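Here the structure comes first, spelled out in structure tokens, and everything after it is commentary.
The values are calculated or read from the model by the stated rules, or taken from the named source; none is laboratory data. Owing to the predicted nature of the structure, the values given are computational and were not obtained by experimental measurement. No Cβ is skipped: glycine too gets one built from the backbone with ideal geometry, and neighbour counts run over all protein chains shown. Areas reflect the complete protein model, heavy atoms only, side chains present, ligands, DNA and RNA absent. Shrake-Rupley method; radii C 1.70, N 1.55, O 1.52, S 1.80 Å.
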Amino acid sequence: MKTEEILTRIINAWDPLALLAGGAPSNEYDIEIKVICKQVNAATNENQIAQIIYTTFREKTGIELNLLSCLKCAFKVVQEIKGNQQ
């Protein structure tokens with residue numbers, strides 16, 4: 001599974017802005033996901049990925065997410081990516 005597919009699945013399940021729950025289309029976070037995907041492979045740990053997620057959503061939406069929620073998402077992303085490399 002590609003990194004972008006992993007990010008899409010995890011971020012959509014998380015639904016950080018509760019847009020999908022409100023009826024938004026499943027591609028609502030595509031812009032943010034593409035930006036995150038371009039940077040995530042260069043990250044060396046979950047903290048860096050969490051910061052990428054946090055910064056991307058803040059820059060693209062103007063909303064500051066809970067950093068601990070971003071870290072939880074980052075851990076899931078790393079787990080999935082490592083699982084796919086085996």
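The table below lists the values:
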item	result
Hey, I33 at pLDDT below 95 and out of contact with any Pro (no Cβ under 8 Å at 6 or more places or on another chain) or not	no
Pair list, Cβ under 6 Å, 6 or more apart: region 29-47 residue aromatic (F, W, Y), other residue open to solvent by less than 100 Å² (accessible area, probe 1.4 Å)	Y29/I11
Unmet criterion (only one of (1) loosely packed, with under 13 Cβ neighbours inside 10 Å; (2) assigned to a helix (DSSP H, G or I); (3) β-branched (V, I, T)) for T44	(2)
All positions within region 9-34 that are open to solvent by less than 40 Å² (accessible area, probe 1.4 Å), over 15 Å from S69 (Cβ atoms) and either of a type outside the set (A, V, I, L, M) or part of a helix (DSSP H, G or I) (or both)	I33
Selection status of E64, assigned to a loop (DSSP other than H, G, I, E, B) and of a type outside the set (F, W, Y)	yes
Residues of region 52-70 classified as crowded, with 17+ Cβ neighbours inside 10 Å and not hydroxyl-bearing (S, T, Y), total	5
Where a residue in region 57-86 is under 16 Å from A13 (Cβ atoms) and its partner, wherever it lies, is among the hydrophobic types (A, V, I, L, M, F, W, C) and open to solvent by 40 Å² or more (accessible area, probe 1.4 Å), with Cβ under 7 Å and at least six apart	F57/I63; C73/W14
